[in-house]
Amino acid sequence: MRVHLDCFPCFLRQSVIALRLGTRDTALQEKVLKAVLHEVEQSDTSRPPAYTTTFIHRKIRQLLQRDPFQEIKSEYNQIALALYPFLKKMVQESSDPLWTASRLAVAGNVIDFGIFTSVDIEGTVKRSLHSPFAVDDYHAFKDTLSDTKEVLYLLDNAGEIVFDRILIETMVAHGKRVLAVVKGSPVLNDCTKADAIEAGLAEVCEVIDNGSDAVGTILEWTSVDFQRKYAQMRFILSKGQGNFETVLDPKKTIVYLFQSKCEVVSRELGLSLGSMILKRS
């Protein structure tokens, strides 16, 4: 992945979403957006879009002096938790709980307020369970998991983390040790430790932060402690489009779970916008 021409208007659209969440002060919105233009101008087009997006949202938080996504993250953690009993029962009653849980995890990836201003969670859940995935390496995922004792799970968004919790609970029930990874500090509506606690995930498995505020997982920007743990793990579940853009390691088996939410990523994959993907590296 690298920055394409179509990424530039998307950078600005994402910035406007963040600013409208972060303040009602239109003069401040204008001031911050103009400052963001400098970050966009400095984009390194040889790198994934996640790099530029990281710089943009650092600038937004710095000038707003707050995290614009804080309230909506907690709101959608609670919305997802209200759905948890229904989703959990669905997995427990499934003939293949891992299949159902993995599909629900991909469905949860629709909760992304860095890109969308509204989401249809229930409709996306139905689509994930009753429509074919554009890329479906489920059997390869299941086979790999059966030969694996430990899983490094790179989380993505708040709200979505409740769906991840169900998949993690399913893997733990199969005797797997899961190490769940959140961001070291806020960026977009990505999960932090506070979200893991609110979503109940911290009671299910060990949760660590990667020491970074980068979009996705940009390894050289993460903490030494995280890099050490990453080096020890051989199997990675990579959640979300940002991690798909940034996590590539031929020495590890990686399974990507996400929805293709932009035209650039969709074109790179040769898929239609909104495709659901469970892809083994």
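Read the figures in this text as sums done on the coordinates, not as results from a lab. What you see is a predicted model, and the numbers here were worked out from it, not measured in a lab. So basically every Cβ, Gly included, is an ideal-geometry build from the backbone, and we count neighbours across all protein chains shown.
Tabulated data for the structure shown
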| quantity | calculated |
| --- | --- |
| Using alpha-carbon coordinates, inclination of helix 7-22 to the longest axis of the chain, degrees | 90 |
| Formal net charge of residues neighbouring Gly240 (Cβ-Cβ distance under 14 Å; K, R +1; D, E -1) | -3 |
| Distance (nanometres) between label positions extended 7 Å along Cα→Cβ at Gln62 and Lys149 | 4.5 |
| Inter-part distance where segment 103-174 and segment 175-224 are each reduced to a Cα centre, Å | 16 |
| Mean separation of Cα contacts under 8 Å (6+ apart) over length of the chain, as relative contact order % | 20 |
| Amide H contacts of Leu155 (H built 1.01 Å from N, under 5 Å, at least 5 apart or other chain) | Val181 |
| Cβ-based net charge around Ile277, under 12 Å, with every Lys or Arg adding one and every Asp or Glu removing one | +2 |
| Segment 67-76 - phi-based ³J(HN,Hα) in whole Hz, Karplus 6.51/-1.76/1.60, Gly and Pro as x | 8, x, 9, 4, 5, 5, 4, 5, 4, 7 |
| Set Lys89/Lys239; Lys88/Lys279; Lys88/Lys252; Lys88/Lys176 screened for pairs whose C-alpha atoms are more than 28 Å apart | Lys88/Lys252 |
| Percent of C-alpha pairs per 10 Å bin, segment 1-121, short to long | 12, 34, 28, 18, 8, 1 |
| Principal-axis tilt of helix 97-108 within the chain, Cα atoms, nearest 10 degrees | 10 |
| Mean separation of Cα contacts under 8 Å (6+ apart) over length of segment 7-64, as relative contact order % | 44 |
| Leu269 versus Leu12: modelled label distance in nm, points set 7 Å from Cα along the beta carbon direction | 2.7 |
| Shape parameters for segment 7-64, alpha-carbon atoms, Rg then Dmax in Å | 10.8, 35 |
| Top of Thr246, Thr192, Thr144 by mean-square fluctuation, Gaussian network on the chain, Cα under 10 Å | Thr144 |
| Trypsin sites (Lys or Arg not before Pro) within segment 16-62: DSSP coil, no more than 12 neighbouring Cβ in 10 Å | Arg24 |
| Cα Rg, Dmax (largest Cα-Cα span) when computed across segment 159-281, Å | 14.3, 39 |
| Between 0 and 90°, nearest 10: helix 26-41 axis offset from the chain longest Cα axis | 80 |
| Residue-by-residue Karplus 3J(HN,Hα) for segment 52-66, coefficients 6.51, -1.76, 1.60, Hz, glycine and proline x | 5, 4, 4, 4, 4, 6, 4, 5, 4, 5, 4, 7, 6, 6, 6 |
